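Shown next, in structure tokens, is the structure this report addresses.
The values are calculated or read from the model by the stated rules, or taken from the named source; none is laboratory data. Being a predicted model, the structure only gives us computed values, none of them experimental. Methodologically, a virtual Cβ is constructed for each residue, glycine included, from the backbone with ideal geometry; neighbour enumeration extends over all protein chains shown. Please note that ligands, DNA and RNA were not included when accessible areas were found on the heavy atoms of the full protein model with its side chains. Shrake-Rupley method; radii C 1.70, N 1.55, O 1.52, S 1.80 Å.
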Amino acid sequence: MKRIHNLFAAGAATAALAGANPAQAAGTLAGTLIQNTANATFSSGTSTSTIQSNTVTVKVDQLIGVAVTTLTSTPVTIGTAPAVLIYQVTNTGNGPDTFDLTGAPNVSGNQFNATLQTVAIDTNGNGVYDAGVDTVITNGAASQTLAPDASIKVFLLASSPTTATDTQTSQVRLTAVSVIGSGTPGALFAGKGTAGVDAVVGTSGGTANALANLIASLANVTLTKSAVVADPYGGTNPVPGALVTYSIVAHVAGSGTAGSLTVTDAFPTGTTYQANSMTLGGTALTDTADADAGTASATGITVTLGSVAGGTADKTIAFKVKIN
Amino acid sequence: MRTFSRNVMTAMVILVASPVLALAAPGAVALDSSIKLDKITTVNGQTTHEFVAPQKVVPGNHLLFVTQYRNTSDKPVDHFVVTNPVPSPVALESVGADNFEVSVDGGKSWGKLAQLTVTKPGAAMRAAQDADVTTVRWVIPVIAPGASGTLQYHAVVR
């Protein structure tokens with residue numbers, strides 16, 4: 001038997017006949033009745049007759065379908081702050097369905113595995129994670145009910161493990177599974193569809209997933225300390241009365257930013273700090289806690305460098321003590 | 001046109017048709033409708049079609065709409081015209097469509113699909129496609145007393 005099966009043509013036809021039946025990418029809605037009644041006219045002798053057949057009714061069952069796509073196409077940088085990965089979950093079935101949403105940061109091939117912090121549904125539909133606005137769900141919990149063709153955006157918030165190093169990459173998977181049922185395409189879930197119709201697993205198997213990419217953007221901070229001694233006799237011997245100038249060079253490398261970078265150093269025992277001798281990049285800092293970055297206490301100095309992007313010029317801190 | 005063995009057909013009717021058969025005919029022809037599911041199985045690259053009672057029907061499934069007629073009288077019946085609206089949830093498929101006339105405007109005009117055009121509001125006139133068909137009809141010049149036949153069209157669930 002020769003048949004032409006062209007599902008694409010059927011889909012296009014749906015759009016073409018939008019007036020006759022609402023256009024649904026997901027197809028005819030579950031529960032729709034397909035009815036067949038034939039009419040006939042004929043003549044017999046001089047009389048003309050009109051007859052009608054019985055009406056056969058077939059109810060359209062629910063086809064379970066789901067699609068997941070990643071809306072963050074380029075790798076999302078992950079540093080000290082959590083990365084927000086955005087996915088879209090679409091009900092490609094022809095009836096309302098809910099989907100269990102599971103984020104999984106452990107994906108084969110990852111250079112590091114992020115830590116999943118939050119799974120949230122984009123409640124206000126703006127495509128941006130709004131803490132306190134978007135609905136946070138337990139990982140693996142179900143979405144709200146999605147109408148056929150309807151989609152939601154899902155956020156996975158992932159944080160970087162301490163073991164990650166700059167420019168390492170990782171993937172995080174979001175999986176959506178139909179609550180009605182999943183499994184081999186064609187599997188039947190009797191009576192589980194909308195309004196009690198049967199539900200049939202579609203080609204998706206009732207589950208779908210997508211991967212979003214992360215790239216670590218971290219900063220490495222290196223502190224290098226050195227000392228220059230000037231004794232009272234014009235030499236460089238560490239004798240009582242000698243002045244020691246300590247220099248601490250803060251070097252920030254990597255593509256990320258070191259946030260709230262603070263350098264502290266304690267005065268060595270047996271020395272006396274020389275008041276207001278702190279400098280940052282050659283500029284003097286006062287000892288008091290004020291507008292400048294430096295503070296000196298009885299025991300040591302603290303210099304607040306704040307956010308320092310990797311690759312910026314080294315920050316050199318210096319201060320003087322006198323050997324007792 | 002495909003034909004079915006009488007036994008199989010009877011079984012189908014019992015399964016899918018409402019218990020009320022054709023309305024009392026003022027004339028002398030019995031008309032019976034049924035819907036079958038084209039169950040497609042592919043084994044080792046060989047595709048087979050089995051027409052079964054539609055236990056589960058989902059978008060993309062292929063259906064066979066069947067109308068059986070039988071002249072129940074002892075007189076011939078002339079100019080027998082069977083009109084079968086295509087339900088909106090399905091789209092006609094071209095297989096076997098050469099055997100009947102189609103309408104894309106609810107039965108106002110008729111012809112072979114290739115002769116018909118469609119004009120949608122705001123769009124240019126175009127050739128009609130299978131999915132545009134709203135109604136199909138068969139014209140049978142004469143049915144001898146006791147003679148019967150089967151009329152059918154294929155459609156896919158949108």
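What to note about this one:
- Accessible area buried between chains A and B, both sides summed, probe 1.4 Å, in Å² to nearest 100: 4100 Å²
- Computed label-point distance, nm, for sites residue A:221 and residue B:144 using a 7 Å Cα→Cβ extension: 10.2 nm
- Burial order of peptide ranges A:192-205, A:59-72, B:138-151 (average beta-carbon count within 10 Å, highest first): A:59-72, A:192-205, B:138-151
- Residues in segment A:62-82 reached by a label modelled at residue A:169 [backbone nitrogen below 16 Å; 7 Å Cα→Cβ]: A:72-78
- Cut-off 9 Å between beta-carbons: net charge of the residues surrounding residue B:143, Lys and Arg +1, Asp and Glu -1: 0
- Local electrostatic count, residue A:250, Cβ distance below 14 Å [Lys/Arg +1, Asp/Glu -1]: 0
- Lys/Arg +1, Asp/Glu -1 at C-beta; chain A dipole; positive extreme among A:89, A:207, A:124: A:207
- Partner shielding of A:58-67 amounts to 5, given as the average count of beta-carbon atoms from other chains within 10 Å of each residue beta-carbon.
- Going by accessible surface with a 1.4 Å probe and the largest first, B:101, B:93 read B:101, B:93.
- Shielding of B:28-35 by partner chains, average beta-carbon count, 10 Å: 6
- Computed FRET value (nearest 0.05) for residue B:94 with residue A:108, which takes r as the C-beta separation and R₀ as 41 Å: 0.30
- Charge context of residue B:28, other residues only, Cβ under 12 angstrom, K/R +1, D/E -1: 0
- The share of Cα pairs per 10 Å bin across segment B:82-145, counted from zero up to the longest distance, runs 21, 52, 20, 5, 1, 0 percent.
- Average other protein chain Cβ within 10 Å of Cβ, residues A:200-211: 1
- Only Lys, Arg, Asp and Glu carry charge here, each on its Cβ (+1 for the first two, -1 for the last two); on that basis the protein assembly as shown has a dipole of about 1260 debye about its Cα centre.
- Once C-alpha pairs closer than 8 Å and six or more residues apart are averaged by separation and normalised to the residue number of segment A:246-324, the relative contact order reads 48 percent.
- Structure-based [θ]222 nm, chain A - -39500 (n - 2.57) summed over DSSP H runs of at least 4, per residue, nearest 500: -1000 deg cm²/dmol
- Using a Förster distance of 35 Å, the FRET efficiency for residue A:128-residue A:314 (Cβ separation, nearest 0.05): 0.45
- Dipole moment magnitude, nearest 20 debye, segment B:27-122 about Cα centre, only Lys, Arg, Asp, Glu C-beta charged: 200 debye
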